[in-house]
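The values are calculated or read from the model by the stated rules, or taken from the named source; none is laboratory data. These numbers were taken from a predicted model, which means no experiment stands behind them. Every residue, glycine as well, gets a Cβ built from its backbone with ideal geometry; the counts of neighbours run over all protein chains shown.
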Amino acid sequence: MSDTVLHVGGAAPYDVVVGHGLAGRLPEVLGEATQRVAVVCPDGLDDVLAPVVAALDAAYDVLVLPLPDGEDAKTADVAVRCWEELGRAGFTRSDAVVTVGGGATTDVGGFVAATWLRGVRVVHVPTTLLGMVDAAVGGKTGINTGAGKNLVGAFHEPAGVLCDLALLETLPRAELVAGLGEVVKCGFIADPRILELVEETDPDALVAGSPVLRELVERAIRVKIDVVVADLKETGGAAGHPGREALNYGHTMAHAIERAESYGVRHGEAVAMGCVYVAELARRTGHLSDAEADRHRSAFARVGLPTSYAGASFEELHAAMRVDKKSRGSQLRFVVLDGIGRPTVLAGPDEADLRAAYDVLRGAAS
Ligand code: GLY
């Protein structure tokens, strides 16, 4: 099957390519003006790194920058180390960074590229489903600090994104399923065909290499592209649409759960629980019908994601939601749906509704 090229318009246009075995495309994305390429990749991903380095070696001076795994890579120390290596290797404005890894690698590698000489080109090669449908597209980069997660960063759009579906073959099942959390979310905020595909397909058939998984990935990336092209810097959308904030559907509660669980829950799992929670809130506040709210629980459950949460107390989660980036002053704000595919903002809901939705999420009420 041929590769799919999804074009991202705007001031700095680029392509997201979806296909199998894409490393060979790197030179065509990087071009001839580039001399040096820094490949940022978690230590130990040798099987994935090898074809990338092989594709680059003939045309460029390649510098591999190994990173710690996962969120441990998203620190100021790691960024400093990368800057120092780029300095030692004489990286100029026409040189480039390639990230190979999951969302954390994309975030820190993108941040290093955004800041070195005030911005050099970066190409993302995401190796997880979550990275393909979320982190690699749209130019958000960042690191974590003592002040919080992702509070330091920059918008820096990539020069290209290569979503190589062959890389999903070795992804643990739980990671693939977690990535589907963001895919299903895209179905609810913008593309109901995603929900139909999930509902029509045997969940065991959603494996790397399946045409349905590929269609889901491409549809979710299209949703993300459409949203970021309309509102790259998250300043707000047109005609009542919350703009890029819509991508954070379910994330207010998801972030609170992740924090309460000391980040021991996968992001896509927390998103599933967060979407079920906010759908319940939308049902209670007259935004969603019973059937639309119930569809949240069934769609996320169908792909194997959790749809209830009986961990932290309401008080703990409520306090965590207050420090969410979407909050303004003391008022909580949620992206809710006015029907499937129609996101809007619900500001300052009653605490009674917040609490009642929490009881449903816990399975303590219906
Ligand atoms: N992950 C949400 C965004 O890219 O805006």
Go through the residues of the range 103-115 one by one and say whether even a single one is away from the ligand (no atom under 15 Å from the Cβ) and more than 20 Å from the chain's Cα centre (by Cα).
yes
Filter the range 208-228 down to the residues that are farther than 13 Å from A136 by Cα and either within 16 Å of the ligand (Cβ to nearest atom) or buried (at least 22 other Cβ atoms within 10 Å of the Cβ) (or both) and list them by number.
L213, L216, V223, D226, V227
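Which one is modelled with the highest pLDDT, of the residues in the range 308-326 that are outside any helix (DSSP H, G or I) and touching a Ser or Thr at 6+ places or on another chain (Cβ under 8 Å)? Give the steps one after another, and end with the answer.
If we filter the range 308-326 for residues that are outside any helix (DSSP H, G or I), which is where we start, we get 308-313, 323-326.
Now restrict to residues that are touching a Ser or Thr at 6+ places or on another chain (Cβ under 8 Å): 324, 326.
Working: D324: 67, K326: 59.
Once the filter is applied, the top-ranked residue is D324.
Can you tell which of V18, V8, V39 is within 18 Å of C163 (Cβ to Cβ) and in contact with a Cys (Cβ under 9 Å, 6 or more places away or on another chain)?
So the residue among V18, V8, V39 that is within 18 Å of C163 (Cβ to Cβ) and in contact with a Cys (Cβ under 9 Å, 6 or more places away or on another chain) is V18.
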Within the range 105-136, the count of residues that are more than 14 Å from C41 (Cβ to Cβ), β-branched (V, I, T) and touching an Asp or Glu at 6+ places or on another chain (Cβ under 9 Å) comes to 2
Of the residues in the range 134-150 that are free of Cβ contacts under 8 Å to residues at least 60 places away in the same chain and assigned to a loop (DSSP other than H, G, I, E, B), the one that is farthest from the ligand (Cβ to nearest atom) is G146
